[in-house]
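**Student:** Okay, handing you the structure first.
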Amino acid sequence: MSNPLVGILMGSDSDLPVMEKAAEVLKEMGVQFEMDISSAHRLPDKTAGYAKTARKRGIEVVIAGAGMAAHLAGVIAAHTTLPVIGVPLKSGALNGADALYSTVQMPPGIPVATVAIDGAKNAAYLACSILSIKYPEIAERLEAFREKTRKTLIEKSKKFKEDLIIAKQTA
Ligand code: RP5
């Protein structure tokens, strides 16, 4: 797996602090990705061109994050049949509610799998889940991640209960 399988696009460089969390997850999962800025409104031709050529270039999933009137993921989905995951970003007067509605409310036939406001990490995990159908090594890494999460939370739960008992005894 040396060519990028995931394309991460964002509407502005101001989106990078959130969108780089998707990149971090993909790095942890050993998934090659590419990252760029494009905009449905400010760079419509670049956005359409990216989406139209993505499959031929070997991209298998696109993650698109944008804020405000967030049409980036939807416009990409309009130009490719690859799976597109939309990340509505918290910016502007409506704190991401505008971006959430713009991203999630796609017309039938042009789906965008929309994650939570600022949910860049989950966008990357979902991309890994999609890729895991074809790449067993990604499926294994996802399983290992879930197991680690499970163990960590069980440890936290144990400590939480122990701390409660100590607090009761000293009260
Ligand atoms: C959206 O407008 C971008 O995705 C960004 O979230 C928001 C503001 O963009 P800038 O004015 O910071 O470039 O298109």
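**Student:** For an R0 of 22 angstrom, estimate the FRET efficiency from the Cβ-Cβ distance between A139 and E28 and round to the nearest 0.05.
**Tutor:** That gives a FRET efficiency of 0.90.
**Student:** Between T170 and T53, what is the label-to-label distance in nm when each label sits 7 Å out along the Cα-to-Cβ direction?
**Tutor:** Rounded to a tenth, the inter-label distance reads 6.3 nm.
**Student:** Would you mind working out the accessible area per residue for the chain, using a 1.4 Å probe, and quoting it in Å²?
**Tutor:** So the chain comes to 58 Å² accessible per residue, rounded to a whole number.
**Student:** Please list the equivalent ellipsoid semi-axes of the chain, computed as the square roots of five times the alpha-carbon gyration tensor eigenvalues, in descending order and whole angstrom.
**Tutor:** For the chain, the ellipsoid semi-axes come out as 34, 21, 13 Å.
**Student:** Could you work out how far helix 44-54 tilts from the main Cα principal axis of the chain, as a 0 to 90 degree angle to the nearest 10?
**Tutor:** So the inclination is approximately 70 degrees.
**Student:** Further question: Determine the share of the chain's accessible area contributed by carbon and sulfur atoms, expressed in whole percent, with a 1.4 angstrom probe.
**Tutor:** For the chain, the apolar C and S fraction of the accessible surface comes to 58 percent.
**Student:** Across 10 Å bins from 0, what is the distribution of all Cα-Cα pair distances for region 104-171, in whole percents?
**Tutor:** All Cα pairs, binned at 10 Å, distribute as 17, 26, 26, 18, 11, 3, 0 percent.
The values are calculated or read from the model by the stated rules, or taken from the named source; none is laboratory data. Just so we're clear, the structure is a prediction, and the values are computed from it rather than from any experiment. Using ideal geometry, Cβ is built from the backbone for each residue, glycine included, and neighbour counts are taken over all protein chains shown. Side chains are part of the model used for accessible areas, which takes the heavy atoms of the whole protein and leaves out ligands, DNA and RNA. Shrake-Rupley method; radii C 1.70, N 1.55, O 1.52, S 1.80 Å.
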